[in-house]
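Worksheet for the structure shown next.
The values are calculated or read from the model by the stated rules, or taken from the named source; none is laboratory data. The model shown is predicted, which means the values in this text are computed figures rather than measured ones. No Cβ is skipped: glycine too gets one built from the backbone with ideal geometry, and neighbour counts run over all protein chains shown. Accessible surface is based on the protein model in full, side chains and every heavy atom, while ligands, DNA and RNA are left aside. Shrake-Rupley method; radii C 1.70, N 1.55, O 1.52, S 1.80 Å.
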Amino acid sequence: MARPIWSGSLSFGLLNIPVSLMSGERRTDLSFRMLDSRDKKPIRFERVNADTGEEVPWKEIVKAFEYDKGSYVVIEKEDIASAAPESHESVDVEAFVDAGSIGTRFYEKPYVLVPGKKAEKGYVLLRETLKKTGKIGIARVVIRTREYLCAVLPEDDALVLMLLRYPQELVDPNDYKLPTGDASKYRIADKEVQMATQLIESMSADWDPEGYHDEFRERLAQIIQKRIKAKGATTRVSEEPAPREDAATNVVDFVSLLEQSLQSNKRTPAKKTASKQTPARKKAPAKKRTAKAAKKTAKKAVRKAS
């Protein structure tokens, strides 16, 4: 059973709903190791100094920001810690917006919010109210050490938390050369539009996600299984640790809290960062290099595989 990323609270107004943040995706990618084709031993990647070629121990490695080509400034752990947000175990809803007002390009990664013990009433109250009003909550959440913008929305019996991209992370489509104007500008006849419409209608169906599978992965997995059986290999399955218990909560007077929230209009205001925004910092490129011998054999293995 999956373990929560963290257990904390989902808050809006004066209401706090104990929840656990759970992963909303399952990785099914097949991972591969690079081997030396001569003796089938794994290729080891090493951290080496770009000038001397000598391996650098972890304790001597520091993080740095490349502010100019070849010029770096070292960033200490204290610097990163001072920039990290204080709250690590809460989803703080700042506003509620129409569900259809957020463009699809803003959605990035799903999580599932699971109510803690005795927190079902508040969980269902928010879920059903969001469904009734057609709203979704805009909030901030800290996952590990980074703060994210996110949306809290209802989906069947769940409250789903979707990480959102900041506007600065999105490329404006107008940056590309796109065909502008209506169909007549491109000599598209009414008959063509009509036939295209008929084709789309003939292919229309209800969305059924269960009907779609990663067929490439399935075929590749079958090939791998055949290889394993042919070589007489065995596999080992390790069990995951038991999940952590959710914290128990007390009975809450939701009507009273809702009334107080409405009277005081208390909510965490959206942060106005437009005037204080700083330019996005370019990440220092990670320079993972292999030892010369490993690099040669890795290239050789890749050439033979292709």
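Please name which of Cys150, Thr129, Val112 has its Cα lying farthest along the dipole of the range 67-155 towards the positive end, using unit charges on Cβ (Lys, Arg +1; Asp, Glu -1) and the Cα centre as origin.
Farthest towards the positive pole: Thr129.
Among all the aspartates and glutamates, which ones have a C-alpha under 12 Å from Lys131's C-alpha, if same-chain residues fewer than 8 places away are not counted?
Asp98, Glu155, Asp156, Asp157
Which order do the peptides 175-188, 151-164, 43-56 take when ranked by the mean count of other beta-carbon atoms within 10 Å per residue, highest first? It would help to have the intermediate numbers written out before the result.
Details: 175-188: 7.9, 151-164: 18.0, 43-56: 12.0.
Ranking, from highest mean packing down: 151-164, 43-56, 175-188.
Run the quick spin-label model on Asp190 and Asp39: label points 7 Å from Cα toward the beta carbon, then report their separation in nm to one decimal.
7.8 nm
What net charge is computed for the residues neighbouring Val141, neighbours being all others with C-beta under 9 Å from the C-beta of Val141, Lys and Arg scored +1, Asp and Glu -1?
-1
So how strong a dipole does the range 62-179 carry about its Cα centre when Lys and Arg Cβ are +1 and Asp and Glu Cβ are -1, to the nearest 20 debye?
Values: 17 positive and 20 negative charges, 83 e Å.
Roughly 400 debye, rounded to the nearest 20.
Give, to the nearest whole percent, the P(r) tail of the range 1-157 beyond 27 angstrom, counting all Cα pairs. Show your work: numbers first, answer last.
Details: 6010 of 12246 pairs.
Counting every Cα pair in the range 1-157, those more than 27 Å apart make up 49 percent.
Calculate, in whole percent, how much of the Cα-Cα pair population of the range 67-161 lies beyond 16 Å.
65 percent
Round to a whole number: what % of the accessible area of the range 1-85 belongs to carbon and sulfur, probe 1.4 Å?
51 percent
Can you give the relative contact order of the range 99-201 as a percent, counting alpha carbon pairs under 8 Å and 6+ residues apart?
28 percent
So if I place +1 on the C-beta of Lys and Arg and -1 on the C-beta of Asp and Glu, and nothing else carries charge, what would the dipole magnitude of the range 119-171 be about its Cα centre? I want it in debye, nearest 20.
Taking the Cα centre of the range 119-171 as origin, the dipole is about 180 debye.
Ser37's amide H: which non-local residues (gap 5+, or another chain) put their own amide H closer than 5 Å, with H modeled 1.01 Å from N in plane and none for Pro or chain starts?
Placed amide hydrogens put Ala301 under 5 Å from Ser37.
Quickly rank 92-101, 254-263, 57-66, 5-14 as a protection proxy: mean count of other C-beta atoms within 10 Å, highest first. Intermediate results must be reported in sequence, preceding the final value.
Working: 92-101: 14.2, 254-263: 12.3, 57-66: 10.0, 5-14: 19.0.
Highest mean packing first, the order is 5-14, 92-101, 254-263, 57-66.
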